1. Would it be correct to say that Ser167 is touching a residue at least 12 places away in the same chain (Cβ under 8 Å) and in a loop (DSSP other than H, G, I, E, B)?
2. Give the residue, chosen from Ile47, Ile154, that is of a type in the set (Val, Ile, Thr) and out of contact with any Gly (no Cβ under 9 Å at 6 or more places or on another chain).
3. Considering only residues that are touching a Lys or Arg at 6+ places or on another chain (Cβ under 7 Å), open to solvent by 60 Å² or more (accessible area, probe 1.4 Å) and not in a loop (DSSP other than H, G, I, E, B), which ones fall in region 83-109?
4. Within region 110-119, can you find the residues that are part of a loop (DSSP other than H, G, I, E, B) and surrounded by 16 or more Cβ atoms within 10 Å (Cβ to Cβ)?
5. Looking at region 92-104, I want the residues that are farther than 15 Å from Ser76 by Cβ and have a partner that is of a type in the set (Gly, Ala, Ser) with Cβ atoms under 7 Å, at least 6 apart or on another chain. Which pairs are those?
6. Please work out which residue is farthest from the chain's Cα centre (by Cα), limiting yourself to region 9-29 and to residues that are farther than 20 Å from Lys97 by Cβ, open to solvent by less than 100 Å² (accessible area, probe 1.4 Å) and not small (Gly, Ala, Ser).
7. For region 31-50, give me each residue that is touching a residue at least 12 places away in the same chain (Cβ under 8 Å), over 18 Å from Tyr90 (Cα atoms) and out of contact with any helix residue (DSSP H, G or I) (no Cβ under 7 Å at 6 or more places or on another chain).
8. Select from region 33-66 the residues that are over 18 Å from Ile1 (Cα atoms) and in a helix (DSSP H, G or I) and list them in ascending order.
Amino acid sequence: IKKIKELAKSGKPFFLEHAFMKVHTDNYPSKEFLGKSASKYPYKDAIVEVDALTGRIMKALEDAGVAENTLVFLTSDNGPQMDMWPDAGYTPFKGAKATTWEGGVRVPGIAYWKGMIAPRESAELFDLMDLFNTSINVAGASAKIPSDRYIDGIDQTSFLLADNGESKRENI
């Protein structure tokens, strides 16, 4: 939150990544959130904590006056760590973390940009690598993507911004 305030004051575009360790490993909430979920289960309390912390980050973007000019993407890097089940979430798909099955790599993602991305659901593909190309395009710097090497990402701006946008990705 301090960094958001600092970067917003500069008036320049910025990229900021916040990687939660909660609901990854270890899966236990801080004292402030212990027992806060309806189930009173530590893993679910940690989910409540991530939700609250995400809310604080979103409020900081609003307070700094940059929410309307900020693409936020919330996701996970892999499926659940099943060797710690049920304390690591679950997947309806075959496999989990460290597998190449769908349950190891298919995770939900939430793309949010106030006033730009209309709420909707989609089962189309978006790879984490696509954030690079998409972010560069949104920032108006596509010409700066190196052309002397292969870039794995795909620009998915139209998928996110068009009301019925479709992914440009056929597979991962």
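The values are calculated or read from the model by the stated rules, or taken from the named source; none is laboratory data. This one's a predicted model, so the numbers in the text were calculated from it and none came from an experiment. Cβ placement follows ideal geometry from the backbone for every residue including glycine, while neighbour counts extend to all protein chains displayed. Please note that ligands, DNA and RNA were not included when accessible areas were found on the heavy atoms of the full protein model with its side chains. Shrake-Rupley method; radii C 1.70, N 1.55, O 1.52, S 1.80 Å.
1. Details: touching a residue at least 12 places away in the same chain (Cβ under 8 Å): yes; in a loop (DSSP other than H, G, I, E, B): yes.
Answer is yes for this residue.
2. On the way: Ile47 fails: out of contact with any Gly (no Cβ under 9 Å at 6 or more places or on another chain).
The unique qualifying residue is Ile154.
3. Of the residues in region 83-109, the ones touching a Lys or Arg at 6+ places or on another chain (Cβ under 7 Å) are 93, 101-104.
Narrowing further to those that are open to solvent by 60 Å² or more (accessible area, probe 1.4 Å): 93, 101-102.
Passing the criteria: only Glu102.
4. Let us first name the residues in region 110-119 that are part of a loop (DSSP other than H, G, I, E, B), namely 113-119.
Across region 110-119, the qualifying residues are Trp113, Ile117.
5. Lys94/Gly103; Trp101/Gly95
6. Ranking the candidates gives Pro29 first.
7. Glu32
8. Step one: list which residues in region 33-66 are over 18 Å from Ile1 (Cα atoms), which gives 33-48.
If the condition is that a residue be over 18 Å from Ile1 (Cα atoms) and in a helix (DSSP H, G or I), then Phe33, Pro42, Tyr43, Lys44, Asp45, Ala46, Ile47, Val48 are the ones that fit.
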